[in-house]
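One structure is given here, and the rest of the page talks about it.
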Amino acid sequence: MEQHIVKLTDAENQLADLLQAAGAADAKAALTEHGLPHRRIEEYHYTDLRTLLRDVPAELAKANDDLPSEQFNGFSRVVIVNGKLVHADAIDGVEIKSVDVAKKVGDDQIINLMDGFAQSQIEISISKSLNKPIHIAQVHAGADSVAASKLKVTSADGVEATIIETFEGQNDRGLRFADCAMDVAANSNLLHLQLDQNATGARQFVQNCYDLHEKANLRTFVTHANFQLGRTDVKAEFKGEGAHADFAGLTLLMDKQHGDFTLNVNHAVPNTTSTESFKSIVRDRAKAIFQGKIIVAPDAQKTDAQMMSQGLLLSERAEVLVKPELEIFADDVLCAHGATCGELDADALFYLMSRGIPRAEAESMLIKAFLAELFDEIEDEQIHAKLENRVDAWLAATE
Amino acid sequence: MTTPILEIKNLHVKVEDEDKQILKGVDLTLPAGEVHAIMGRNGSGKSTLSYVLAGKEGYEVTEGQVLFMGEDLLEMGADERAAAGLFLAFQYPIEIPGVATMTFLKAALNAQRKTRGEEELKIPDFMKLVKDAANQLEINQDMLKRPLNVGFSGGEKKRAEILQMALMQPSLCVLDETDSGLDIDALKVVSDGVNHLRDANRSMLVITHYQRLLNYIVPDRVHVFSDGRVVESGDRELALELEKKGYAEFDGTAA
């Protein structure tokens, strides 16, 4: 038998010890055997965690019941601190509870860490359409530590709901994991947003799994802006005909930030459609990664999947790395992927400046123009305004 | 004698990072209130002159000077030149998807006012200003709701340029091939718009290679441009003569 000998880094040893402390012996054994994902593992080719994750906190996050300040007027509110449910508004037609989870181990060490550190699963079952969004504040509180949360959302047939998660935290070198599984029932219509609001040094790993049933409709929107290192792994599976999903992401990175969106969208049944629209703006030495894989199963005829990734480079050493993949096994499908990457248009910039608009303002106008249609799908005014403020703040921070 | 609006003195310009010299000693004085035409064949450097005046990057001034109302124009950024009262009507106005025309107009007007230390326009005043100017140029409100220049026809783009000019009330208008892509009707509307802005305190530099435009916008002086400099200057008659004889007569090369 072939023997793998991996010399673990200090960070890997530290994580192994923490897994032991969290009662995840199997995950520890897997990590000790394989180490963190590195560039020779295809899914992590551009996000080599043996290099990028060199220091990790020395302790697990402790229970903390401090409630963060409210961010949205009139939204229902659920607060998860360090992976533990600490508050949930009473919402008509929604059941929220925390259950124990059995730990399991797979091939992806990051997912193993996610499962290994999570102590409970918070389940949200939506049985009635909601007239206001649910805001789930995901807080990483206390000193630098490792935290993990596990969330499962299920919708009943035909319900409409908006769920917005905010990843909040003040601990500057924190390491957090967040797992979210959504079961989008037949005929239901869900909007799922995730806004990162971490401290600048935070490291964040998120996995979003979606199961889409017959005629389900899903829209997702994720931001990558506030962390040192972040990865969002999206896994979607179409299980019922007539379902549709839009996956969108906004990346705004500067300094040496590293953000990775990795998508795996599986059109497993006929007559399903999806769009994937991701926009990245990077400056300084920041790196934005987009890996998007669309799979169309052999009998998934009439699939329509349209994937687009657009990058805007504001500095010479900033990078946008894009890897779109289509694996199509059916013959009657419409699938396309496109990727663009470039700088601000010098002619457009001159045109605006020649009308008296100073360079910084002209650049902002063009950057916002680049992002324009990304927010079109978000109807809620508060969320829309929050996203626009986020972009403004980012632009102001770099002027 | 009052200070001319524009004085170009022995201006030499080359393309940055290339050896190619484009302007080779341009001399031109444009007094306040006058309209001067620059005529020349394609490639003579007319458009480069307009870009250099407006402050486009990518050119290097190797010799000479440009004074705008007595101030060193070449020291100013493109935005500062606009705020100081220089306006370039582009030969090919740039399409900018994602920027609404009205948003752009408001940003531009207020940016200029801010640079000049003036207060921002109030929204109703701004709306009225745009509406009045648009009506005069036969620009409908739908066009103003579209993204800047996106999907505009050639004629609409040129009218939008003149609309901007009317709103910004510049001291110096540089019109780069404003007649290109216009049919006779559009040419008339655009020319009327330009003529309406003729004023004792405003000068215009009209760049064209056809005499036709000058039937509508009648210049005080005509300069013939060839191989990067002015080779002949005269009154209105010079344009007619040029039309009759062709450029070869003036620059010594066959057409």
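The values are calculated or read from the model by the stated rules, or taken from the named source; none is laboratory data. Small disclaimer: the values here were computed from a predicted structure and weren't measured. Please note: Cβ atoms are built from the backbone with ideal geometry, for glycine as well, and neighbour counts cover all protein chains shown. What goes into the accessible areas is simple: the full protein's heavy atoms, side chains included, and nothing from ligands, DNA or RNA. Shrake-Rupley method; radii C 1.70, N 1.55, O 1.52, S 1.80 Å.
When chain A is modelled as a GNM with alpha-carbon springs shorter than 10 Å, which of A:90, A:346, A:147 fluctuates the most? Maximum among the listed residues: A:346. Other residues with beta-carbon under 10 Å from the beta-carbon of residue A:146 carry, at +1 per Lys or Arg and -1 per Asp or Glu, a net charge of 0.
Interface residues of segment B:99-120, defined as those with an accessible-area decrease of at least 50 Å² between the chain by itself and the complete set of protein chains (probe 1.4 Å), are B:104. Each residue of segment A:234-249 was assigned a 3J(HN,Hα) from its phi angle through the Karplus curve 6.51 cos²θ - 1.76 cosθ + 1.60 (θ = phi - 60°); the sequence is 10, 10, 10, 10, 7, 10, x, 5, x, 7, 9, 9, 10, 10, 9, x Hz, with glycine and proline shown as x.
Summarising the label geometry, the points placed 7 Å from Cα in the beta-carbon direction at residue A:384 and residue B:169 lie 3.5 nm from one another. For chain A, a simple Cβ point-charge model (Lys and Arg +1, Asp and Glu -1, everything else neutral) yields a dipole of about 760 debye relative to the Cα centre. In whole Å, what is the distance between the alpha-carbon centres of segment B:13-84 and segment A:261-330? Here the answer is 46 Å between Cα centres. Report, in deg cm²/dmol and to the nearest 500, the calculated mean residue ellipticity at 222 nm for chain B, where each DSSP H run with n ≥ 4 adds -39500 (n - 2.57) and the sum is divided by the residue count. Per the formula, -11000 deg cm²/dmol. Cα-based values for chain A, radius of gyration first and Dmax second, are 20.9, 72 Å.
Nonpolar atom fraction for chain B, defined as the carbon and sulfur part of the 1.4 Å probe accessible area, stands at 47 percent. Taking every residue in A:343-353 and counting other chain Cβ atoms within 10 Å of its Cβ, the average works out to 6.
With contributions of -39500 (n - 2.57) from each DSSP H run of at least four residues, the per-residue ellipticity at 222 nm computed over chain A stands at -5500 deg cm²/dmol.
Which of rounded, prolate, oblate describes segment B:101-203, given a ≥ b ≥ c as roots of the alpha-carbon gyration tensor eigenvalues and a/c under 1.5 marking rounded, otherwise prolate only if a/b is larger than b/c? In terms of gyration-tensor shape, oblate. Ranked by the mean number of other Cβ atoms within 10 Å of their residues, highest first, the peptides A:380-392, B:194-206 come out as B:194-206, A:380-392. Taking segment B:61-161, how much of its Cα-Cα pair set, in percent, is spaced more than 22 angstrom apart? I get 40 percent for the Cα pairs in segment B:61-161 exceeding 22 Å. Of the trypsin sites (Lys or Arg not before Pro) found in segment A:61-163, those that fall in a DSSP loop while having at most 16 other beta-carbon atoms within 10 Å are A:62, A:104, A:128. Only alpha carbons enter this Debye calculation for chain B, each as an equal point scatterer, and the log10 of I(q)/I(0) it gives at q = 0.07, 0.12, 0.13, 0.14 Å⁻¹ is -0.23, -0.71, -0.83, -0.97. Electrostatic tally near residue A:214: other residues with Cβ closer than 12 Å to its Cβ, Lys and Arg +1, Asp and Glu -1, net -1.
Distances between placed amide hydrogens fall under 5 Å for residue A:246 paired with A:218, A:219, A:220, A:275, all partners being 5 or more residues away or on another chain. Once the Cα atoms are used to define both axes, helix B:154-168 deviates from the longest principal axis of chain B by about 80 degrees.
Alpha-carbon geometry of segment B:1-127: the Rg and the Dmax are 16.6, 51 Å, given in that order.
Here residue A:239 is the anchor, and the lysines within straight C-alpha reach of less than 18 Å, apart from those fewer than 8 places off in the same chain, are A:152, A:215, A:293, A:302. The count of lysine pairs in segment A:1-106 with alpha-carbon distances below 24 Å, taking only pairs 8 or more places apart or on different chains, stands at 12.
Computed over protein heavy atoms with a 1.4 Å probe, the accessible surface of chain A works out to 41 Å² per residue.
Sort A:114-120, A:313-319 by the packing proxy (mean of other Cβ within 10 Å over each peptide's residues), most packed first.
Details: A:114-120: 23.4, A:313-319: 15.7.
Per-residue Cβ counts within 10 Å, averaged per peptide and sorted highest first, yield A:114-120, A:313-319.
For segment A:198-342, the Cβ-based charge dipole about the Cα centre amounts to some 700 debye (Lys, Arg positive; Asp, Glu negative; other atoms uncharged).
Amide H to amide H distances under 5 Å link residue A:182 with A:153, A:209, A:210, A:211, where only residues 5 or more positions off or on other chains count and H is placed in the peptide plane. Which parts of segment A:253-267 would a label at residue A:330 reach, counting a residue when its backbone N lies under 11 Å from a point 7 Å out along Cα-to-Cβ? Those under the cut-off are A:267.
Computed from backbone phi, the HN-Hα couplings of segment A:153-165 come to 10, 10, 10, 7, 3, x, 7, 10, 7, 10, 10, 10, 9 Hz, rounded to whole numbers (Karplus: 6.51 cos²θ - 1.76 cosθ + 1.60, θ = phi - 60°; Gly and Pro given as x).
Simple spin-label estimate for residue A:87 and residue B:72 gives 6.1 nm between the two label positions (7 Å along the Cα-to-Cβ direction from each Cα).
Projecting the Cα positions of A:105, A:127, A:86 onto the charge dipole of segment A:1-146 (unit charges on Cβ atoms of Lys, Arg, Asp and Glu, taken about the Cα centre) puts A:127 furthest along the positive direction.
With axes computed from alpha carbons, what is the tilt in degrees of helix B:101-115 against the longest principal axis of chain B, rounded to the nearest 10 within 0 to 90? Its long axis makes an angle of about 70 degrees. Size descriptor for segment B:165-255, Kirkwood hydrodynamic radius: 14.1 Å (Cα pairs only, one decimal). Distant-in-sequence amide contacts of residue A:289, defined by a placed amide H-H separation under 5 Å and a gap of 5 or more residues or a different chain, comprise A:259, A:260, A:261, A:321. Within segment B:68-98, the residues that become at least 50 Å² less accessible when every protein chain is included than when their own chain is isolated (1.4 Å probe; DNA, RNA and ligands ignored) are B:79, B:90, B:94, B:96.
Can you figure out the FRET efficiency of residue A:55 with residue B:128, using R₀ = 45 Å and their beta-carbon distance, to the nearest 0.05? Please list the in-between numbers first.
Working: r = 61 Å, r/R0 = 1.35.
Working from the Cβ atoms, E equals 0.15.
Using the Stokes-Einstein relation with a Kirkwood hydrodynamic radius computed over Cα pairs, the translational diffusion coefficient of segment B:107-166 at 20 °C and a viscosity of 1.002 mPa s comes to 173 µm²/s. Count the lysine pairs in segment B:1-129 that are 8 or more places apart or on different chains: how many have C-alpha atoms under 29 angstrom apart? Total qualifying Lys-Lys pairs in segment B:1-129 comes to 19. Chains A and B together bury roughly 1800 Å² of accessible surface, counting both sides and using a 1.4 Å probe on protein heavy atoms.
Extension gain for residue A:143-residue A:284 works out to 47.9 nm (0.36 nm per residue, less the C-alpha to C-alpha distance). Of the peptides A:330-343, A:45-58, the ranking by mean beta-carbon count within 10 Å, highest at the top, reads A:45-58, A:330-343.
Give the calculated FRET efficiency between residue A:25 and residue A:125 to the nearest 0.05, with a Förster radius of 35 Å applied to their Cβ-Cβ distance. Rounded to the nearest 0.05, the efficiency is 0.65.
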